[in-house]
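I have placed the structure first, in the form of structure tokens, so that the comments after it can refer back to it.
The values are calculated or read from the model by the stated rules, or taken from the named source; none is laboratory data. Not measured: the values here are computed from a predicted model. Here the Cβ positions follow ideal geometry from the backbone for every residue, glycine too, while neighbour counts run over all protein chains shown. Accessible surface areas use protein heavy atoms only, side chains included; no ligands, DNA or RNA. Shrake-Rupley method; radii C 1.70, N 1.55, O 1.52, S 1.80 Å.
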Amino acid sequence: MGIERSLRNFVVRTPLAESRLVGGAYAALNRIRFRRSWDRPVEFRGARFVIGRDLTLYPFVRSGGFEERELDWLLPRIKPADVVWDVGANVGIYTVLLARRARRVVAFEPIPATMARLRANIGLNGVDNVEPVEAALADEAGRRPMAVLASGAGGSHLVRDGGGSFEVVVTTGDRYAAEHGAPDVVKVDIESFEPEFVRGAFAVLRDNRPLLTLEVNRTSMATAADRARWQAMADALFGLYGEAVWFGPSGPPMTVRGLTPDDVPLRPCTLAFGRV
């Protein structure tokens, strides 16, 4: 696994990282090599996870390189008294690792099948300070269509303009905080719906300034409206926090005081605000 991890770390520093041909070949290889092991527990950072057939997640957790720099930065900053929101918890990788350090973790995951795996992984690791919530967080409460991807639940997302596989329950961060209390730490990975999350949780972010990590992905900025929506979110957060830590596709994290869509590569990256 060390060779695969080293090779992938090399590739992300080259134009090959943005090649659809390379990505497709890697996915095809993984379908073959892992076809009998999707549902076997995988060891990762001292915990165990049953992930299932998810090409966006399983190979990276199995190799040990899943979001390595982000976790190395985030986990030591979690305090024993912290309440953490894991928004887009998926099967619970962050949820379990955060729960081992925090007082309580609220894990938001709207897809029923994924929620079942999340609950199973919570039980598999014996953590009893997690509250699973079967809902998405966006900018208004109600129900919203969800697109579920065949490659894995990790790439599934809410839909803005119709379509989707089925509807899920949606609420806002501000409403949830008003009813249950504000968080100290928020991790958000919801496949392009981060702007809607920020709009729906802006009061709790403004009033409490929690440590906040957000996935950033240029594939979610395909249209002018997408780019404007994302830029408005970034401007609002930099206005609140002043600066952030930027985890680009490779290299050490760096402090930034602003960001535009043109600064974002195709590969998913992370912005972290607060508690720097």
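Tell me, in nm to one decimal, what length is gained between residue 147 and residue 219 on full extension, where the rule is 0.36 nm per residue of separation less the Cα-Cα distance?
That works out to 24.4 nm of additional length.
Can you grab the distance from the C-alpha centre of the stretch 134-203 to the C-alpha centre of the stretch 206-251, Å, no decimals?
Centre-to-centre (Cα) distance: 16 Å.
Kindly state, to the nearest 0.05, the FRET efficiency for residue 45 paired with residue 21, given R0 = 35 Å and r defined as their beta-carbon distance.
Approximately 0.65, to the nearest 0.05.
Compute the normalised compactness of the stretch 94-151: alpha-carbon radius of gyration over 2.2 N^0.38 Å, N being the residue count.
1.24
What accessible area per residue comes out for the chain, rounded to a whole number of Å², with a 1.4 Å probe?
Solvent-accessible surface per residue comes out at 45 Å².
Assuming 0.36 nm per residue, please report the length gained on full extension of the stretch residue 159 to residue 243 beyond their Cα-Cα distance.
Result: 27.2 nm gained on full extension.
What spacing in nm lies between the two simple spin-label points modelled at residue 120 and residue 169, each 7 Å away from Cα in the Cβ direction?
2.2
Given a 1.4 Å probe and every protein chain left where it sits, what share in percent of the accessible area of the stretch 148-220 is carbon and sulfur?
45
With each run of n ≥ 4 DSSP H residues scored as -39500 (n - 2.57), what mean residue ellipticity at 222 nm is computed for the chain after dividing by its residue count and rounding to the nearest 500 deg cm²/dmol?
-10000 deg cm²/dmol
Tell me, in nm to one decimal, what length is gained between residue 128 and residue 113 on full extension, where the rule is 0.36 nm per residue of separation less the Cα-Cα distance?
3.3 nm
Nothing charged except the Cβ atoms of Lys and Arg (+1) and of Asp and Glu (-1): what's the magnitude of the dipole of the chain about its Cα centre? Round to the nearest 20 debye.
I would put it at about 960 debye.
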